[in-house]
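Everything on this sheet refers to the single structure shown next.
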Number of protein chains: 2
Amino acid sequence: MAKKKKKPFKITPIGGLGEIGKNMTLFEMNGEGFLIDCGIMFPANDMHGVDYIIPDFRWLEERDDIRLHGVCFTHGHEDHIGAVQLLVTAFPDLPLYATPLTAGLLQVKLKNARRLKTTNLNTFNAGETVQIGPFKLESFHVCHSIPDCVGFGINTPYGIVIHTGDYKFDNTPVHGRKTDYARLAGFAQRGVALLLADSTNSDKAGWTQSEAVIEPAFERVFREAKGRVMVATFASLISRVQQVVTVARKYKRKVCITGYTMSQYAKIARKLGYLSVDDASLINIGQAREMPPHKVVFMVTGSQGEPSAVLGKLASGRHQQLEVRENDTIILSSHPIPGNEEMVYRTINRLIERGADVIYDPIEAVHVSGHACQEEMRLMLNLTQPRHLIPIHGEIRHLHLHAKLAAASGIPKENITVISNGTTVELDGRGLTVGERQPGGYVFVDGSGVGDVGRAVIRDREILAQDGFVLVSVNVDQRSGELIDEPRIVSRGFVYLKDAEDFLEQIRDNISQLVSRRRLNGNRQSLVEESLGKFIYNETKRRPMIFSIVNEV
Amino acid sequence: MAKKKKKPFKITPIGGLGEIGKNMTLFEMNGEGFLIDCGIMFPANDMHGVDYIIPDFRWLEERDDIRLHGVCFTHGHEDHIGAVQLLVTAFPDLPLYATPLTAGLLQVKLKNARRLKTTNLNTFNAGETVQIGPFKLESFHVCHSIPDCVGFGINTPYGIVIHTGDYKFDNTPVHGRKTDYARLAGFAQRGVALLLADSTNSDKAGWTQSEAVIEPAFERVFREAKGRVMVATFASLISRVQQVVTVARKYKRKVCITGYTMSQYAKIARKLGYLSVDDASLINIGQAREMPPHKVVFMVTGSQGEPSAVLGKLASGRHQQLEVRENDTIILSSHPIPGNEEMVYRTINRLIERGADVIYDPIEAVHVSGHACQEEMRLMLNLTQPRHLIPIHGEIRHLHLHAKLAAASGIPKENITVISNGTTVELDGRGLTVGERQPGGYVFVDGSGVGDVGRAVIRDREILAQDGFVLVSVNVDQRSGELIDEPRIVSRGFVYLKDAEDFLEQIRDNISQLVSRRRLNGNRQSLVEESLGKFIYNETKRRPMIFSIVNEV
């Protein structure tokens, strides 16, 4: 008994913004460990200037008490593989394990980061068992919105721990292979100690629509389209590219895949047999521009309204080779990620203003979720019959709903644990306990800097975004303490200075009076700033950042 | 013929962010005019620091060729009445016309702005005809999510022009009164030249659910709630307050209405007979705190995730008198306005973290839209049989879908006109023509300033939000051109300076070298800024705003 207590099987979700256990999870026991996934997240609207966010695994680098044996990937979407180049920079010897398509996408990423040659990248097929150090992971195929997705049944002394990855039970998937019902049922017979299961759609009743509904929707749109068709989606949605290619063939349109990442991903998917398209069906932008409009379909990125992606450039008229024309039909084959709605709809509005007909869900079922809805979550629970449940993949509100649903399905409430990122849970023969909280959370990436922009900088950016700043520079005579010349003012984001000459004059007067009224000693700078801040708030009810530079000459 | 051409009936939607013809519309003919509505809009996420937006009616103040006879309000929501105090400041003699409840809410607004006594506020009952100067407006009752809403049938020499306002065809409305089918059908018999109709839900199939579904949903939640119940909604959703009061009575809970605006609105609605609740059922916060949790329901504001409203304060633990407890049930009786999703869901997550059970649509039908869906839009077209349609109230994407729907319903395409805000359309005996574009758009309100923050300031705030700023101040000897002391650096929102001492040192070196390498003449300042900008971009791939102050002493 005492010995068992010493070596629980520990699970720690690492980082991730908003969603819990999405981007990276650590599994460890007895000083040995492995990771599942290593993805990026996109910043919230008030994380100003942040390009993306990576899980904070810096504390792992400092842990001498654990030997990491590898990282295992569930599938090839950015939020599961996007930070791999940073991980292998920190842990150069760490072996990677992935299914062929996921490995192909990892190769693209590693090659672009010049890390491919030095990285130990291993492939396995969905359904095969992966041995990572002392850990035996039985992979099982799941359906999602990219081929070659897996979950894992991890063997532990306390029973099987299942990690579903992103999944849905699509009975008519694009690539034919179903979620592995048999394997999941088999786990149940052997005893599932713990289920870690996707909660993304726990607020949606019923069963997620099959990817199969998308093709008929594409067909309806292609049939009606008078001019060119453009389909926007994520670069990594290989199944969607396949569907566009299939429908394009039927309607005798050539396919032009634009954008660097999407082209690279399509290339590797073709090479590995996950994207079936012959050379003659593919054209480049130059060829596409020469063809009659009704003979072409473009695949483009930017379905989340990103201004720098192809669709964003088309919307603002800034694309170098393409422009939106009257009679173009543009399909957004995607749903806005929460927080992106405003940008997505703004992009749609601009494309319509430029004359395009824009089709998106709910106008047509041109996108379906890749995640299980409530009925599928119940099926997952009933198939695997876990003793314990930790809802993962979703915001706290989704995890709580998943927990409620599981309790209503018969899992004892005390066996359901909702945790936050960075919290370790421990599984042993007696059950599940919530352990300690790990340091760190996530790391902001801004420009070429990883982690040099922290909460303090973001807070300053927020203040600057709200009310801008005002800086006054004064030259003061060292001996007399008198102003030598007029205070100079630099300000941005506060008021439009050209229309505020009177106000600037008042500020200068205010400073001059302050300096002349009393000889400022010691804290001249803070006296100036304090006085100026009060004056500005009284006049405008705004609180710009206030700075002063006092030169004593 | 020539005479007719001289006096078309002109319609100009004014201002409004994203939505067209929502907040204010000008109608004019032959030098006489009137307005419908005068509301505010909330800023987009990248309109940094803007509190709200008002329609830009400044060009109207300058027009000597038109005599304004009044403004007529459709209903009492903020996006239709919220800028009234600014309008009556600009046009002190302009009479206002509104139904009793709308007039009551206008009174509250005008009183708070100390404009009530000087304003000419007139009431009419839904269904009555309003004579505004030479214009005859036949009001008709419509259902929405506040009582006492109307649309208008405006008599013109060219036929009736119908403005629907915000509407839906609720057959079981909370307050009993239906949308006036008979009047709409009557207009058709007399000849509708033009329909201006709400397009908000043009991407939603079917028929909007009745407000009647909300009460049973509330009942289910109240029945299950173990502790306190809090219901968050808009202050002006009087029908929703009524529903909460009704269900609270049934479950023997007292109602505590929190927040200044919501209390004031509830008070006036009670006084005017639009909110039925006896004194004994209402309690204040002090009393509520003394009562057993299962005996209380709170009505709170902040359902859009606004940090400064009651719900936002509860989520962050900053409310002075209330805190969220284990077993509290919180209902968000609202949908996020597009762009607010992230803030709303963040608020929900925080409330859950504090132990509350949070209920929102789609978990329960605790809110329904106040706007018509596609089937109702078709009904509106079929009831009124307009010759022309201008879709209003919605983003461009909604207007286009409404136009498509109308074309499929039999309105000739050439008789459907999608316009943007600020564009005048002219109706005469020959039909509808798109006229000139008016100046202006909308005006930002920030703090106490109306209109002093324009696009240039917002652009600067965006740059500051992305990468912050760096300012260097150098003192240079007037004669030798040599640096007198070390350059001083002020920076915020760029990198965390305490961790970047090396980098600051590099910047100082860079400046010192530049100044010593050549004697800077004339444009010292821009040379310093250019050099510094390049250096910083090369090192960090970021583009903060760069400023320099060169003191020659």
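The values are calculated or read from the model by the stated rules, or taken from the named source; none is laboratory data. This one's a predicted model, so the numbers in the text were calculated from it and none came from an experiment. For neighbour counting, all protein chains shown are included, and Cβ atoms are generated from backbone atoms with ideal geometry for every residue, glycine included. Note: areas computed on protein heavy atoms with side chains; ligands, DNA, RNA excluded. Shrake-Rupley method; radii C 1.70, N 1.55, O 1.52, S 1.80 Å.
Scanning the range B:70-85 for residues that are open to solvent by 20 Å² or more (accessible area, probe 1.4 Å) and touching a Cys at 6+ places or on another chain (Cβ under 7 Å) yields no hits at all.
When we screen A:Lys168, A:Lys136, A:Lys178 for residues that are of a type in the set (Lys, Arg) and buried (at least 24 other Cβ atoms within 10 Å of the Cβ), the only hit is A:Lys168. A count restricted to the range B:531-552 and to residues that are in contact with a Gly (Cβ under 7 Å, 6 or more places away or on another chain) and among the β-branched types (Val, Ile, Thr) stands at 2.
Checked against the criterion of being within 23 Å of A:Leu401 (Cα to Cα) and outside the structural domain of B:Pro100 (by TED's automatic domain parsing), the candidates B:Thr329, B:Thr261 yield just one match: B:Thr329. Restricting the range B:481-502 to residues that are of a type outside the set (A, V, I, L, M, F, W, C) and more than 10 Å from chain A (Cβ to nearest Cβ), which is nearest to the chain's Cα centre (by Cα)? The selected residue is B:Glu501.
In the set (1) within 27 Å of the chain's Cα centre (by Cα); (2) free of Cβ contacts under 8 Å to residues at least 40 places away in the same chain, the condition left unmet by B:Glu211 is number (2). In the set B:Phe218, B:Phe187, only one residue is outside the structural domain of B:Gly104 (by TED's automatic domain parsing) and in contact with a helix residue (DSSP H, G or I) (Cβ under 6 Å, 6 or more places away or on another chain); that residue is B:Phe218.
Considering only residues that are surrounded by 22 or more Cβ atoms within 10 Å (Cβ to Cβ) and either of a type in the set (Ser, Thr, Tyr) or under 22 Å from A:Ile146 (Cα atoms) (or both), which ones fall in the range A:41-53? Passing the criteria: only A:Met41. Restricting the range B:260-301 to residues that are free of Cβ contacts under 8 Å to residues at least 24 places away in the same chain and more than 25 Å from B:Lys226 (Cβ to Cβ), the residue that is surrounded by the most Cβ atoms within 10 Å (Cβ to Cβ) is B:Arg270. Within the range B:453-480, being touching a helix residue (DSSP H, G or I) at 6+ places or on another chain (Cβ under 7 Å) and not in a helix (DSSP H, G or I) holds for B:Gly468, B:Val470, B:Val472, B:Val474, B:Val476. When A:Met41, A:Met47 are checked against the criterion of being outside the structural domain of A:Ser236 (by TED's automatic domain parsing) and closer than 26 Å to A:Ser239 by Cα, a single residue qualifies: A:Met41.
To keep it simple, each residue is scored yes or no on (1) within 30 Å of B:Val84 (Cα to Cα); (2) aliphatic (A, V, I, L, M).
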| site | (1), (2) |
| --- | --- |
| B:Ile396 | yes, yes |
| B:Ala408 | no, yes |
| B:Ile463 | no, yes |
| B:Ser473 | no, no |
| B:Leu483 | no, yes |
| B:Glu505 | no, no |
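Of the helices (runs of 4 or more DSSP H) lying entirely inside the range A:204-315, the ones with 2 or more residues being out of contact with any Cys (no Cβ under 8 Å at 6 or more places or on another chain) and among the hydrophobic types (A, V, I, L, M, F, W, C) are found at A:214-224, A:238-250, A:260-271. Go over the candidates A:Arg354, A:Arg397, A:Arg378 one by one and state the one that is of a type in the set (Lys, Arg) and not assigned by TED's automatic domain parsing to the domain that holds A:Phe169. Answer to the selection: A:Arg354. If we scan the range B:461-471, do we find a residue that is more than 9 Å from chain A (Cβ to nearest Cβ) and closer than 30 Å to B:Val550 by Cα? Checking the range B:461-471: at least one residue is more than 9 Å from chain A (Cβ to nearest Cβ) and closer than 30 Å to B:Val550 by Cα. Taken together, B:Arg67, B:Arg58 contain a single residue that is surrounded by fewer than 24 Cβ atoms within 10 Å (Cβ to Cβ), at pLDDT 90 or above and of a type in the set (Lys, Arg), which is B:Arg67.
Taking residues in the range B:541-553 that are open to solvent by 10 Å² or more (accessible area, probe 1.4 Å), and partners anywhere that are at pLDDT below 90 and among the basic types (Lys, Arg), the pairs with Cβ atoms closer than 7 Å and at least 6 places apart or on different chains are B:Val550/B:Arg524.
Please find, among B:Val445, B:Val453, B:Val434, the residue that is buried (at least 20 other Cβ atoms within 10 Å of the Cβ) and either more than 24 Å from the chain's Cα centre (by Cα) or at the interface with chain A (Cβ under 10 Å from one of its Cβ atoms) (or both).
So the residue among B:Val445, B:Val453, B:Val434 that is buried (at least 20 other Cβ atoms within 10 Å of the Cβ) and either more than 24 Å from the chain's Cα centre (by Cα) or at the interface with chain A (Cβ under 10 Å from one of its Cβ atoms) (or both) is B:Val453.
Selection of the range B:357-388 for residues being at the interface with chain A (Cβ under 10 Å from one of its Cβ atoms), crowded, with 21+ Cβ neighbours inside 10 Å and not charged (D, E, K, R) yields B:Val358, B:Tyr360. Would you confirm whether any residue within the range A:181-197 is among the hydroxyl-bearing types (Ser, Thr, Tyr) and surrounded by fewer than 24 Cβ atoms within 10 Å (Cβ to Cβ)? Looking for residues that are among the hydroxyl-bearing types (Ser, Thr, Tyr) and surrounded by fewer than 24 Cβ atoms within 10 Å (Cβ to Cβ), one finds at least one in the range A:181-197, hence yes. Inspect the range A:346-356 for any residue being modelled with pLDDT of 95 or more, facing another protein chain (nearest Cβ under 10 Å), surrounded by fewer than 23 Cβ atoms within 10 Å (Cβ to Cβ) and touching a His at 6+ places or on another chain (Cβ under 8 Å) and give the result as yes or no. Yes, some residue in the range A:346-356 is modelled with pLDDT of 95 or more, facing another protein chain (nearest Cβ under 10 Å), surrounded by fewer than 23 Cβ atoms within 10 Å (Cβ to Cβ) and touching a His at 6+ places or on another chain (Cβ under 8 Å). Consider the range B:317-333 and keep the residues that are assigned to a loop (DSSP other than H, G, I, E, B) and open to solvent by less than 10 Å² (accessible area, probe 1.4 Å). The one that is farthest from the other protein chains (Cβ to nearest Cβ) is B:Leu322.
Only residues that are β-branched (Val, Ile, Thr) and open to solvent by 10 Å² or more (accessible area, probe 1.4 Å) were counted in the range A:461-477, giving 1. Checking the range B:478-488 against the condition returns a match, with at least one residue being open to solvent by less than 50 Å² (accessible area, probe 1.4 Å) and out of contact with any strand residue (DSSP E or B) (no Cβ under 7 Å at 6 or more places or on another chain). Does the range A:91-104 include one or more residues that are touching a helix residue (DSSP H, G or I) at 6+ places or on another chain (Cβ under 6 Å), over 20 Å from A:Tyr167 (Cβ atoms) and open to solvent by 30 Å² or more (accessible area, probe 1.4 Å)? No: the range A:91-104 contains no residue that is touching a helix residue (DSSP H, G or I) at 6+ places or on another chain (Cβ under 6 Å), over 20 Å from A:Tyr167 (Cβ atoms) and open to solvent by 30 Å² or more (accessible area, probe 1.4 Å). The residue that is surrounded by the fewest Cβ atoms within 10 Å (Cβ to Cβ), counting only those in the range B:391-421 that are under 30 Å from the mean Cα position of the chain (by Cα), more than 14 Å from chain A (Cβ to nearest Cβ) and assigned to a loop (DSSP other than H, G, I, E, B), is B:Thr417.
Among the listed residues A:Gly151, A:Gly176, A:Gly127, which satisfies the condition of being under 25 Å from the mean Cα position of the chain (by Cα) and outside any helix (DSSP H, G or I)?
A:Gly151
Inspection of the range B:508-531 finds no residue satisfying the criterion of being at the interface with chain A (Cβ under 9 Å from one of its Cβ atoms), surrounded by 17 or more Cβ atoms within 10 Å (Cβ to Cβ) and in a helix (DSSP H, G or I).
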